[in-house]
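The values are calculated or read from the model by the stated rules, or taken from the named source; none is laboratory data. All figures in this text were calculated on a predicted structure; none of them were measured in a lab. Cβ placement follows ideal geometry from the backbone for every residue including glycine, while neighbour counts extend to all protein chains displayed.
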Amino acid sequence: MPTRRRTLLLIAAALGLPRAGAAPEGGYRFQRGLMGTRFMVTCYHEEGELVGKAVAAAFAEADRINEAASDYIADSELLSIGKVPPGTPVRVSPLLFGLLEEAWAQAEKTGGLFDPTVGPLTRLWRESRRRKALPDAATLAKAKAAIGWKKLVLDPAESTATFTVPDMRLDLGGIAKGQAADRMLAILGKHGVPCSSVTAGGDVRMGDPPPGKEGWNIGVRNRDVDRNAAELVLRNKAVSTSGDLRQFIEIGGVRYSHIVDPATGLGLTRPVSATIIAVNAATSDALATACCIADRETGRKLAAAQGAEVFLAEG
């Protein structure tokens, strides 16, 4: 077994890190399942022990985010907001409040195309996927009445979140992985490992480039799953891709994406994908969802307003 591979495995075992994958030349790589996808951290540093401690701390932060902000964990802090009558402020942790503020800000910037209150609709989509049937009109109308980012009131002074109408439910699925990637990269940097990259499903957050390189090589894959539409070299940026390549259902001969349009309450039916390059992964993650829902021109304006670049593919 090559020395670097053996060192990687020993670090992972000793510090209880995620499974160690094949390391790039001169670097370290760790992977584990989290938030319903695969997270991967790639680092370059001469001190393997330092890398191990940094990666362990980064994944610990991702676990904290998942435990607080998951809408799959029944007793998560996120879901606790909906367990009191409407109009009742719920005090939340600084961690969750920061995530909610970031999500609310993206909802405002995208005019609600990205909406963290879309939970009632995503829950219906999961049920539709399981039953292979669309919800009836009354059920859909009730869910639509419970969404709307302006119906979520955040109070920074008290660190509270308030639902203003019944049956609201939060879903940070369109931003949480990006938020986790941002925070993981920040922790890696604070531990002295700035030459790092964090991949969280369709989101990639890059720090300083590998030694001797101009940047990180990133392949953009839109409608064709077998080849990249573009090859990028980036540093200290984030890239997110969203679309219906893998997550969709077919009902009555119609293909519905997992991306729910708040206006219709149903998954998108037109084939579309969006890749966003932005300053951080929370922004690129939320914009990737918003740009899939928006028409092409609106999507480009939304991205430009936040200093981001967008690659759109339809059909």
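Consider Ser197 carefully, then state whether it is surrounded by 24 or more Cβ atoms within 10 Å (Cβ to Cβ) and either modelled with pLDDT under 95 or closer than 30 Å to Glu127 by Cα (or both). In short, no. The numbered conditions (1) small (Gly, Ala, Ser); (2) crowded, with 24+ Cβ neighbours inside 10 Å; (3) free of Cβ contacts under 8 Å to residues at least 60 places away in the same chain are all true for Ala308 except (2).
Taking the criterion of being modelled with pLDDT under 90, in contact with a helix residue (DSSP H, G or I) (Cβ under 7 Å, 6 or more places away or on another chain) and assigned to a loop (DSSP other than H, G, I, E, B), the residues of region 17-50 that qualify are Leu17, Pro18, Ala23.
Here is a yes/no grid of residues against (1) out of contact with any Asp or Glu (no Cβ under 8 Å at 6 or more places or on another chain); (2) among the β-branched types (Val, Ile, Thr):
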site	(1), (2)
Leu34	no, no
Arg38	yes, no
Val41	yes, yes
Asn66	yes, no
Gly111	yes, no
Pro120	no, no
Arg130	yes, no
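Please verify whether region 60-70 includes one or more residues that are part of a helix (DSSP H, G or I), of a type outside the set (A, V, I, L, M) and free of Cβ contacts under 8 Å to residues at least 24 places away in the same chain. Yes, some residue in region 60-70 is part of a helix (DSSP H, G or I), of a type outside the set (A, V, I, L, M) and free of Cβ contacts under 8 Å to residues at least 24 places away in the same chain. Listed by first and then second residue, the pairs with beta-carbon distance under 7 Å, at least 6 apart or on different chains, first residue in region 157-184 and closer than 19 Å to Lys237 by Cβ, second among the polar types (S, T, N, Q) and in a strand (DSSP E or B), are Lys177/Thr37; Gly178/Ser240. Residues that are among the small types (Gly, Ala, Ser), within 24 Å of Leu140 (Cβ to Cβ), in contact with a Ser or Thr (Cβ under 9 Å, 6 or more places away or on another chain) and in a loop (DSSP other than H, G, I, E, B) within region 82-119 comprise just one, Gly111.
Taken over region 185-202, residues that are within 17 Å of Asp63 (Cβ to Cβ) and in contact (Cβ under 8 Å) with a residue 24 or more places away in the chain amount to 8.
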